[in-house]
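The values are calculated or read from the model by the stated rules, or taken from the named source; none is laboratory data. Keep in mind that what you see is a predicted model, and the values were worked out from it rather than measured. Cβ placement follows ideal geometry from the backbone for every residue including glycine, while neighbour counts extend to all protein chains displayed. Heads up: the accessible areas ignore ligands, DNA and RNA and are worked out on the full protein's heavy atoms, side chains in. Shrake-Rupley method; radii C 1.70, N 1.55, O 1.52, S 1.80 Å.
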Amino acid sequence: MSRREDWVQFLDLLPVAWWETDRELRILRHGGGSAGDALGTMPSPSRVTQTERRDHLPVDDAPMLSRALAGETVQWQARCGERLLDVTAGPRLDAHGRAVGVAGVAVDVTVGVYERERQTAFASYVPAAGFIRDAAGRYLWANAAYAHLHGTDLEQLAGRSLEEVVRDRDVARARALDQHVLAQGRPLRHSMTFTRPNGDAVSVTGHRFPLETAAGSCVGGLYIDVTAQVRALEEKEAIEEELRALRDRTGAASVIFTPTGRVTRATAGAADLLHTTVASLEGLPLHDLVIPSPPTAALSREWQEVVRGRAHRRTMRLVCRTGRGGRRLIRAQLAVLRKGGRPVRVLALLSALGVEHQRPVKLTPIQEQVLLRLARGEHNAAIAQALAMSRQALDYHLRRLRHELDAPSRPAVVARAYALGLLDSTVWPPTLSRMS
C-alpha cells in the first residue's frame, strides 16, 4: 500500500474532509471522516439535504480557490448549508510542478462556533455584571448588566480605560484589586460599594479573577448588584434598633402573647409595672396574669375578636396580679400580629391606671354612687337627697368607704379612689372606671 493510500485511510478516521479539483475547480477526489457531510458528496442518506450536495465548492469560495490555483496557500471560513467550515487550500501540482488544480482540507467547526455564540449571548445578557480588562485597565469586554451598573451603554465601554468608566474616587481601589488578583494569580471573592456618575451608591458582591488571553494577562470580574438588599438590610437594622430602643430603653411596658394567650415575650417595663421579673412573666398564661372578675367573659370575647380579625385593636382595663401578691389596675391595648394573613401573636401595650394594693376593694353600687358624688364635690345633704337615703344611712356608707379605701377623710377617700383606679383619671367630670 502506498503512502498516499495510508494517509487516505488515516484521514477517513478523522472528523475532517479533503478534496482535489481540476483546473475548472471540479471535485476529482475527496475523502475524510466527515467528507460526505462537509462537502455534500455522499451518495447515501446523511444529515446533508439534497440541496446541499454538490460537485463543486460554493461559488463564494471561488476567489479564494482562484488564489490557491495561482499558487497561494489560503485559509478562510466557508458555509455549507447550516455548517461552518475552516478551510485551508493550496495548488495541486503535477510531476512538472505545474498547478493542475486545487487541494484542500476542511474542518467542520459549526458546533464550536455556535456554542461560542450561545456562550457569548448568554454572557452578554446574563443578569450578573461581567467584564474583562487588560493589565493596563483597558476594557476588552463587558456585558449589558455591567454597562447598566455603571449607567452607560455597551458601545461606550469597548476600548475605554478604567478612568473613563469609574469615578475618580473609585479608580485607585479598582486598580489595587486588579493588581492584587494578577499578583496572586487566583480568584478573589469580595464585596464593594462604588458611585455611579449620577451620584447613586451601588453595592455589589462577586469574584475578580485572573485570565490568560491573546492580549496577555487580564482581569475578569463577575458581580451581582445587591444594592436593594443592602438598603433593605440597613432599613431593617434601623427599624430593629428603633424597636429595641422603644422596647428595652424607654421603659415601655409591652407583652407579646400567643393567640391562645400565653406570654412569649415581655419587656423590663412590663415587669416593673407588675413588680416582677421578665423571666417570671414569660411563659405565663393569660388566666394566671389576670384576676378573675365579673368582666372576665368580656375579656375573653374581645380577645377572640382581635385574634380572629374582627377588630384591629381593643383597649380594656384589667386587674392583674403582681409579683408581690397584690393586684393592680392596668390598661391593655391589644393588637394582633399576622404572618401570611394568619394571626401568630398578640401585642399588648400596658399602662397603669392605679397603684398596687394587697386586698380587693369591694364596693356596693350605692357606695360607688356615694364615691362618685363625693368626687364631684357634692355635700352630704345633696348626696342623701339624690340617693333617697337618710343622713344616718349616708354616714354608714361613708364609714364603709373610709374603711375599704383605708382613707381617714372625705378628700382622702377621693384621692385614694383615683390612686386605685376606681375613678377614671382621664375624664371630667369624675366617672367610675370600668373593667372593660
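Figure legend. Inter-residue proximity from region 412-433: first residues more than 13 Å from residue 363 (Cα to Cα), second residues open to solvent by 30 Å² or more (accessible area, probe 1.4 Å) and in a helix (DSSP H, G or I), beta-carbon distance below 7 Å, spacing 6+ or different chains. Indicated pairs: 425/418. In the set (1) at positive phi; (2) open to solvent by 40 Å² or more (accessible area, probe 1.4 Å), the condition left unmet by residue 359 is number (1).
Restricting attention to region 297-324, report how many residues are farther than 15 Å from residue 348 by Cα and modelled with pLDDT under 80. Qualifying residue count for the region: 6.
Only a single item in (1) in contact (Cβ under 8 Å) with a residue 60 or more places away in the chain; (2) open to solvent by 40 Å² or more (accessible area, probe 1.4 Å); (3) of a type in the set (Gly, Ala, Ser) is not met by residue 136, and it is number (1). Applying the condition of being under 31 Å from the mean Cα position of the chain (by Cα) and acidic (Asp, Glu) to region 150-169 and asking which residue is surrounded by the most Cβ atoms within 10 Å (Cβ to Cβ) yields 153.
Take the conditions (1) β-branched (Val, Ile, Thr); (2) open to solvent by less than 30 Å² (accessible area, probe 1.4 Å); (3) touching a residue at least 40 places away in the same chain (Cβ under 8 Å); residue 383 misses just one of them, which is (3). When 261, 251 are checked against the criterion of being modelled with pLDDT of 80 or more, of a type in the set (Gly, Ala, Ser) and on the phi > 0 side of the Ramachandran plot, 261 stands alone in meeting it.
So for region 285-306 (the condition being part of a loop (DSSP other than H, G, I, E, B) and at positive phi), does at least one residue qualify? No - not one qualifying residue is present in region 285-306. Under the condition of being assigned to a helix (DSSP H, G or I) and in contact with a helix residue (DSSP H, G or I) (Cβ under 8 Å, 6 or more places away or on another chain), the residues counted in region 382-394 number 7. If we scan region 189-202, do we find a residue that is without any contact (Cβ under 8 Å) to a residue 60 or more places away in the chain, open to solvent by 50 Å² or more (accessible area, probe 1.4 Å), under 21 Å from residue 124 (Cβ atoms) and among the hydrophobic types (A, V, I, L, M, F, W, C)? No, region 189-202 contains no residue that is without any contact (Cβ under 8 Å) to a residue 60 or more places away in the chain, open to solvent by 50 Å² or more (accessible area, probe 1.4 Å), under 21 Å from residue 124 (Cβ atoms) and among the hydrophobic types (A, V, I, L, M, F, W, C).
Scanning region 208-230 for residues that are farther than 17 Å from residue 147 by Cα and open to solvent by 40 Å² or more (accessible area, probe 1.4 Å) turns up 209, 210, 211, 212, 213, 214, 215, 217, 228, 229, 230. For region 262-282, a residue qualifies if it is within 33 Å of the chain's Cα centre (by Cα) and either hydroxyl-bearing (Ser, Thr, Tyr) or open to solvent by less than 50 Å² (accessible area, probe 1.4 Å) (or both), and the qualifying residues are 263, 264, 266, 267.
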